[in-house]
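Structure, as structure tokens:
Every number here is computed from the coordinates shown, using simple stated rules; none is lab data. Note that this is a predicted model, so its numbers are computed, not measured. Cβ atoms come from the backbone with ideal geometry, glycine included; neighbour counts cover every protein chain shown.
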Amino acid sequence: MTALVAFFKLLRPINLLIIAFTMYAMRWGVLYGLLEKKQYYPALQYSEWKFALAVLMMVLLAGAGNLINDYFDVRVDRVNKPNRVLVGRQIKRRVVIVAHHALNIIATLIGLYLAYDLQYWPLVIVPIGIAAMLWYYSLKLKKKVFTGNFSIALIVAIVPLWAGIFEIPKISQLLHLTGGSEDNLHNEMWIWMLGYSIFAFLLTLLREVFKDLEDIEGDSKEGFKTIPIAWGLKRTKIYIGILFFAVLTMILVSTYYILTALTSAEWRTIFITVLTIGVLIPLIMSWRVIYKAAEKDGFGKASRLAKLTMAGGILIGALLPFWFH
């Protein structure tokens, strides 16, 4: 394996593509779909290339976070993932740390430009805050009960909101100028963004505890105090059950809302099919797997199924213009 291939593996390109897909699903799926549902037809107001910069910023920050995580995790990964340790073997440590800083600097500069473009300087806090949190997570937080999982879930939850920040205020402003009744639409857009944010937050909490279970051997040797190590398997599974119930409740409430808005029986059938295959089946399977699992392979399978659930939820949002057509 060449150093270049190793570098791209460290970035975790599939995860980065999911981030990009999520933001475009929020823009061209949820926001555009709600405009069609309300029969408002201002075009999406933020230019495509500037929105692409907003997406790139998030992708670069996530890539930098993946690099620094593997940089600090070499020792524990030799136990948890001995065949997947690349830092110090396939790629030099100094290359990883320099690349980490470079990606964060580029992302922060993009954030500065976006804040200048919108004339809303508090936006600069987002890239700086995410970069700092990912560094501190890799160094300290991931070793502690709940705080590491919470910080990663919080960062993932920012992604849908970040997509809305660049579009919703401009749409509301246009509707206000043209005499449109923008208040209900403005609120509904933010409710959807917040709903997806909470959905991403809860599913990420699930995935993080699954990964903690998967890595329990190496983590315990390095003195980590993750949820499974601190609470034990039985209490960890109770915690997982509570998160499952919260996620399932959100899905059912959202399903009821969408079904009442659909006027076509054909699209109701398609929606229920996509929801069942893409969201409910992998979610229920992950619960079944984790309930029975007592070793690493089962925990890893549950984590992958939870990721499929998140991807299915994003796909539902991407198809929103069709549901509401």
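If you rank H186, H101 by fewest surrounding Cβ atoms within 10 Å, what's the result?
Taking fewest neighbouring Cβ atoms as first place, the list is H101, H186.
For the chain, set up a GNM with springs between Cα atoms under 10 Å and report which of L31, L206, L109 has the largest fluctuation.
Judging by the Gaussian network model, the answer is L109.
According to the Kirkwood expression over distinct Cα-Cα pairs, how big is the hydrodynamic radius of the stretch 70-110, in Å?
11.1
Work out, in µm²/s and without decimals, the Stokes-Einstein translational diffusion coefficient of the stretch 248-287 at 25 °C, 0.890 mPa s, Rh from Kirkwood over C-alpha pairs.
Roughly 231 µm²/s, to the nearest whole number.
Would you mind putting 193-201, 221-229, 54-62 in packing order, based on average other-beta-carbon counts within 10 Å, highest first?
The peptides rank, most packed first, as 54-62, 193-201, 221-229.
Just one of [x] 32, 24, 20; [y] 26, 23, 21; [z] 35, 26, 16 is semi-axes √(5λ) of the Cα gyration tensor in Å as worked out from the coordinates here. Which one is it?
[z]
Can you tally the lysine pairs in the stretch 222-325 where the Cα-Cα distance is under 15 Å and the two residues are eight or more apart, or on different chains?
Details: K234/K292; K237/K292; K237/K296; K292/K301.
For the stretch 222-325, the number of qualifying lysine pairs is 4.
Report the Cα-based extents of the stretch 1-152 along its three principal axes, largest first, to the nearest Å.
Largest to smallest, the principal-axis extents are 56, 35, 28 Å.
Quick one: among K37, K50, K292, which has the greatest mean-square fluctuation in a GNM of the chain with alpha-carbon springs under 10 angstrom?
Top of the fluctuation ranking is K292.
To make sure I understand the rule: partners must be aspartates and glutamates, Cα under 17 Å from the Cα of K140, and not fewer than 8 residues away in the same chain. Which ones qualify?
Within reach: D70, D73, D77, E208, D212, D215, D219, E222.
Compute log10 of I(q)/I(0) for the stretch 181-325 with the Debye formula, placing one identical point scatterer on every Cα and leaving out solvent, at q = 0.13, 0.15 Å⁻¹, to two decimals.
-0.63, -0.78
Summarise the long-distance tail of P(r) for the stretch 1-90 by giving the % of C-alpha pairs beyond 22 Å.
Details: 1836 of 4005 pairs.
Counting every Cα pair in the stretch 1-90, those more than 22 Å apart make up 46 percent.
Using Cα pairs under 8 angstrom and six or more residues apart, how large is the relative contact order of the stretch 3-323, in percent?
24
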